[in-house]
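Every number here is computed from the coordinates shown, using simple stated rules; none is lab data. Note that the coordinates shown come from a computational prediction; the quantities given were computed from them, not determined experimentally. Cβ coordinates were reconstructed from backbone atoms using ideal geometry, including for glycine residues, and neighbour counts include every protein chain displayed.
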Amino acid sequence: MSGPLIELDSVSRTYTTPAGTIKAVDDVSLSLGESETICIVGESGCGKTTTGRMLAGLLRPSSGRLLFEGADVWEKKGKDLARFRRAVQLVHQDPYASLNPTRTIAQTLAPPLAKHKKAHGRAARAAMISLLERVGLTPPADFLLKYPHQLSGGQRQRVSIARALTVDPRVIVADEAVSMVDVSIRISLLDLLHNLATEFHVTTVLITHDLAVARYFGRKGRVAVMYLGRVVELADTESLVSDPAHPYSTALIAAIPEADPTITRTKKRVPLKGAEVPSLLNLPPGCVFHPRCPLSEPGLCDVVVPILGNLPGGRSVACHVALRERQPAAELLGVR
Amino acid sequence: MPVLSVRDLSIDYRTRRGPVHAVRDVTFDLEQGETLAVIGESGSGKTTLAVGLIRLSPRSARVTKGEIRYDDGKRAFDVLSLDPERLRRFRWADCAMVFQAALSAFNPVITIWEQFLDTGRAHGMGDKHKVHDRTRELLDLVHLDPTRVLRAYPHELSGGMRQRVLIAMALLLDPRIIILDEPTTALDILTQRAIIDLLRELRGKLGFATIFISHDLSIAAELADRMLTMYAGRIVERATVDDLFYRPRHPYSVGLMRAVPRVSGALGSVASIPGSPPDLIRLPRGCSYYPRCPFHVDECLQQDPPLLKVDTPEHEAACIRWEAVAAALGSDAEAPVAEKLA
């Protein structure tokens, strides 16, 4: 495959609030190839959802470009734009709110099939049955006449995925798609999304606050860690979790409670300088992480904004110290 | 001497379709100062059990049988036979509950100080200055700045600060038991870590016993001494935290352990539990986990198995196939389930 399929080219998004202007996303670039999986992780307010919405073309960047197959999406019109709309689909977080409660599953799936001229009448029924099979709702005929309230959270989320698939998308953006379903069935939903990437060459973007979920889902892909509107680290998933390069990623991984008593009770902590996340209304100068960072150097980190640079091993990190030392923060902090 | 002994507790919800057997024959002891974690999927009955312990259940719920015995060494009684006034006092003074740190856990139109004062007054702390001193002491204990927080309204605090305030408020009357319902859900990772560390610190200083209900196994791994697994309203396994994580004997516990990926260590063979929990109105014959269980045999259909002693005297599992489960997991004692099954 030549060139990326979809690309954010240094996009920023600002919001005007009564209290002032906030920059929810600041100069983010991401480039995704066909059938790639990528996870965007970060805490609330880091800009991961805003980034996902810009990637899906639902939110116009305040600056920067969204490119699909090399062309600027926000310059597209008419048929060209409709083609992009079909190609990129979103799966929402809350399967209780994202399905129309007054429509059966068939009534939810048929309109997009008809609208985008995929299938009508009897062919539509066959198409719906095959979609439901693809998302693991069996026997599919049983589900067609059901209403959302008759389904469990996990089943609803499968219907949401089936709905996204009605238009044969090439990119799926799933925003916290498993955080509201029961722990016991999260893995099967992640597997379903993962199969779309491997078997049907769909590029999948999973936005999550849960690094364990990101690790499992993105095990063959990459992870972007965001903090206060910026991507602070971008790396393949295994090197990120086993040897994080940015001090923030390092602190995050060290702080995560894990479902293993020995591991979780003996984890080495990273002592952060402050507990509070700065307000987006009043961001610190220089590196936004410097007030909490144990590696912060006066005169450098509090003055100069670090840009994403490359470390050996194909990872990028936005940290002056890690880049200068050519070493991941995890080593500099003695966590590894 | 357990501070709380629950015996054969059963709670039904009345519905139009018939009674929902949400909690069935639950028996356990909570020892002084220990932390007990109750895990299970949504609908397993863990929240019904937690609110049932302090009789805060909704009106449609009915305790059909059982006993909840409280004994702090000075006073002993059955919570189920308390009259409304004594129940009201029991609820915060002996056994407090910390809910998720949502805004709805507070009265939105009064300050934090007034919330503390209300709570104190409702429990006979007539001296305003005494409540004030105690409140400041508690806010210090949960690492908040009392001067700033007392004047604030709930919406002015961050999620992490609200959770700290709720914990401080639960401690106002120095209860012997604290029930925590999903104490760190909806909090960010670094905040979650701070709350976990805080709970551990307070438990060490104040010595209260804790029951916490969470779908998040990692919180249990952090804090629990012992654990209960609930399925379809019953306790299906009771074990120490290490036994449950590394040597589970009920196939449902195995399934839960295997369903949660980790960030450190090997990924192992992570997998979801197939199927969904049974209808609690029409429970299936025999073991209620049978339809989802990879270890099932025909004999499992004959009766809902009682808790059986496995491995050690402190470890029980309601599964006649527990030896087959043990064999499948092998003898590598300290490895997590997902790795053993890889």
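Angle of helix B:189-206 to the longest C-alpha principal axis of chain B, folded into 0 to 90 degrees and rounded to 10: 80°.
The residues neighbouring residue A:6, those whose beta-carbon lies less than 10 Å from its own, together hold a net charge of -3 under the Lys/Arg +1, Asp/Glu -1 convention. Calculated over chain A, the projected area of the Cα convex hull averaged across directions stands at 18.8 nm². Annotation for segment A:33-111 versus segment B:278-292: alpha-carbon center distance of 40 Å. Charges were assigned to the Cβ only: +1 to each Lys and Arg, -1 to each Asp and Glu. The resulting dipole of segment B:229-340 about its Cα centre is roughly 340 debye. DSSP assigns beta bridges within the protein assembly as shown; of those with both partners inside it, close to 60 percent run antiparallel. Note on residue A:198 and residue B:1: their simple-model spin labels are 5.9 nm apart, each label 7 Å out from Cα toward Cβ.
Neighbour counts of C-beta atoms inside 10 Å place B:135, A:21 in the sequence A:21, B:135, starting with the fewest.
Listed peptides B:330-341, B:221-232, A:245-256 appear in the order A:245-256, B:221-232, B:330-341 once ranked by packing, highest mean of other Cβ atoms within 10 Å at the front. Computed from Cα atoms alone, the Kirkwood hydrodynamic radius reported for the protein assembly as shown is 27.1 Å.
Each of B:41, A:238 has some number of other Cβ atoms within 10 Å of its Cβ, and from fewest to most they run A:238, B:41.
Comparing A:194, A:320, A:120 in a Gaussian network model of chain A, where Cα atoms under 10 Å apart are tied by springs, the biggest mean-square fluctuation is seen for A:120.
For segment A:231-278, the equivalent ellipsoid derived from the alpha-carbon gyration tensor has semi-axes of 19, 17, 8 Å in decreasing order. Over all other residues within a Cβ to Cβ distance under 14 Å of residue A:273, the charged ones net out to -1, with Lys and Arg as +1 and Asp and Glu as -1.
Result for chain B in a Gaussian network model with C-alpha springs under 10 Å: among B:165, B:63, B:263, the largest mean-square fluctuation is at B:263. Helix B:159-170 axis versus longest C-alpha principal axis of chain B: approximately 80°, rounded to the nearest ten. Distance between the modelled labels on residue A:97 and residue A:116, one decimal in nanometres: 2.4 nm (7 Å Cα→Cβ projection). Shown in residue order for segment B:104-117 are the 3J(HN,Hα) couplings computed by the Karplus curve 6.51 cos²θ - 1.76 cosθ + 1.60 at θ = phi - 60°: 5, 6, 10, 7, x, 9, 10, 6, 4, 4, 5, 5, 5, 4 Hz (x for Gly and Pro). Ordering B:219, B:167, A:129 from the fewest to the most neighbouring beta carbons within 10 Å gives A:129, B:167, B:219. Compared with the dominant Cα axis of chain B, that is its longest principal axis, helix B:128-141 is turned about 50°. Number of Lys-Lys pairs in segment B:4-224 with C-alpha atoms under 30 Å apart and a separation of 8 or more places or on different chains: 9.
Binning the C-alpha pair distances of chain B at 10 Å intervals from 0 yields a P(r) profile of 5, 24, 32, 24, 12, 3, 0 %, listed from the shortest bin outward. In sequence order, segment B:228-242 has phi-based couplings of 10, 9, 10, 9, 6, x, 10, 7, 9, 8, 9, 7, 5, 4, 5 Hz under the Karplus curve 6.51 cos²θ - 1.76 cosθ + 1.60, θ = phi - 60°, and Gly or Pro positions carry x.
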